[in-house]
1. I need the full set of residues from the stretch 136-161 which are free of Cβ contacts under 8 Å to residues at least 40 places away in the same chain and surrounded by fewer than 21 Cβ atoms within 10 Å (Cβ to Cβ), in order please.
2. Could you go through the stretch 250-265 and let me know if any residue there is over 30 Å from Gln133 (Cβ atoms), among the charged types (D, E, K, R), crowded, with 21+ Cβ neighbours inside 10 Å and more than 20 Å from the chain's Cα centre (by Cα).
3. Keeping to the stretch 167-197, report how many residues are within 27 Å of His277 (Cβ to Cβ) and crowded, with 21+ Cβ neighbours inside 10 Å.
4. Would you call Arg352 within 30 Å of Val134 (Cα to Cα), touching a residue at least 40 places away in the same chain (Cβ under 8 Å), touching a helix residue (DSSP H, G or I) at 6+ places or on another chain (Cβ under 7 Å) and not hydrophobic (A, V, I, L, M, F, W, C)?
5. Counting only residues that are more than 22 Å from the chain's Cα centre (by Cα) and buried (at least 17 other Cβ atoms within 10 Å of the Cβ), how many does the stretch 331-354 have?
6. Of all residues in the stretch 355-365 being in contact (Cβ under 8 Å) with a residue 24 or more places away in the chain and in a loop (DSSP other than H, G, I, E, B), which is surrounded by the fewest Cβ atoms within 10 Å (Cβ to Cβ)?
7. Could you tell me how many of the residues in the stretch 325-346 are assigned to a helix (DSSP H, G or I) and among the aromatic types (Phe, Trp, Tyr)?
Amino acid sequence: MPPRGWPKKRIFTANTQPNNSGMQKPSLAIVILNWNGRHFLEKFLPGVVSHSPPAARIVVADNASTDGSLDWLKEHHPEVERIGLSRNLGYAGGYNAALRQIRADYVVLLNSDVEVSPGWVEPVLDLMEAHPQVAACQPKVLARHDRSRFEYAGAAGGFIDRLGYPFCRGRLFGALEKDLGQYDDERPVFWATGACLFVRASAFNECGGLDERFFAHMEEIDLCWRLQNRGYRVMACPRSVVYHIGGGSLPARNPAKTFLNFRNSLWMLAKNLPARHFYPTMILRLGLDKLAAAGFLLSGRPRDCLAVMRALWAFLGRLREMRRDAAGVSGKLPDTLYRKSLLWAYYVKRKRRFSELPGLEELPG
């Protein structure tokens, strides 16, 4: 049985179709979750339609928008399927609700503020078809406003350190690298970005989908951790390239975003860490989060300080529930987890590039 808060139904089911050679050809659905993002749909949906395989289903799932998104879709893109949700369920709930209505072998969870490029689908599907143990994969994600640089939300594949702080090949905290081809190798990563997340139906269903308690932020990292706990791989496939604006729903300096990131990061650790790692990690992490709250206050951001404190209370209020979810987790951590401290490398050692981090040789690749 999936833990509380996860969908109890299958999220989406296989729908293989024979190709001309008589072999089963996997089916694909590209699902764009929209919330008052008509301006993004107007800008980027035509590219998704023109650059995706003809057999792929393209679906817009609307999180109860009030900006006329569904009416615009019906008029300008009748070929795109529409799923209207009765209220805003967030990223996790919105995608889970939409995917229950979709039959496919693979699904792409695609943000509305992503510009795709020609041939963006085929390299990822080829990789996943060739390696059945790969349950999730992402393309290389570059910044749309500066196509020479990696984008914050995903870059060339994501990792977390031993305290749960996320970073990417091409992005450490706010330091974004230029894309010089230095991360163009296909390799296992800890997490694949929710901005453009390819997932295998059978593995997604096996894990119970996205955790709807998260609402938004970190839910894709939690999903990728759960997939690895079940023996699957998560990969980055830089032969596929997309361009992301970022911050389409919540801007970076928003107390609501601060709250969700801090709370969900702690929930993710509580759900997925075995006991012998969880308690030592929490002693350090909770202390650092309190320091972060103090830093927000001293820098003139009292609302962000309050958001961090609210996140700590929300974490503690559901700690027992989250630890029950971890009851079946093995004592072994995923081999893609970075065993050193990102904070120490970034703030003390002044490392600003992924390739400069100590201990990378311990990661698979």
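Only the coordinates and a few stated rules stand behind these numbers; no lab work does. This one's a predicted model, so the numbers in the text were calculated from it and none came from an experiment. All Cβ positions, glycine included, derive from the backbone under ideal geometry; neighbour counts span all protein chains shown.
1. Those that are free of Cβ contacts under 8 Å to residues at least 40 places away in the same chain and surrounded by fewer than 21 Cβ atoms within 10 Å (Cβ to Cβ): Asp146, Ser148, Arg149.
2. For the stretch 250-265, residues over 30 Å from Gln133 (Cβ atoms), among the charged types (D, E, K, R), crowded, with 21+ Cβ neighbours inside 10 Å and more than 20 Å from the chain's Cα centre (by Cα): absent.
3. 12
4. On the way: within 30 Å of Val134 (Cα to Cα): yes; touching a residue at least 40 places away in the same chain (Cβ under 8 Å): yes; touching a helix residue (DSSP H, G or I) at 6+ places or on another chain (Cβ under 7 Å): no; not hydrophobic (A, V, I, L, M, F, W, C): yes.
Criteria not met by Arg352.
5. Final tally of qualifying residues: 3.
6. So, considering only residues that are in contact (Cβ under 8 Å) with a residue 24 or more places away in the chain and in a loop (DSSP other than H, G, I, E, B), the one surrounded by the fewest Cβ atoms within 10 Å (Cβ to Cβ) is Pro364.
7. 2
Residue by residue, here is whether (1) of a type in the set (Gly, Ala, Ser); (2) in contact with a Leu (Cβ under 7 Å, 6 or more places away or on another chain) holds:
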{"site": "Gly84", "(1), (2)": "yes, yes"}
{"site": "Gly93", "(1), (2)": "yes, no"}
{"site": "Glu115", "(1), (2)": "no, no"}
{"site": "Glu122", "(1), (2)": "no, no"}
{"site": "His131", "(1), (2)": "no, no"}
{"site": "Ala136", "(1), (2)": "yes, yes"}
{"site": "Leu142", "(1), (2)": "no, no"}
{"site": "Ala155", "(1), (2)": "yes, no"}
{"site": "Arg171", "(1), (2)": "no, no"}
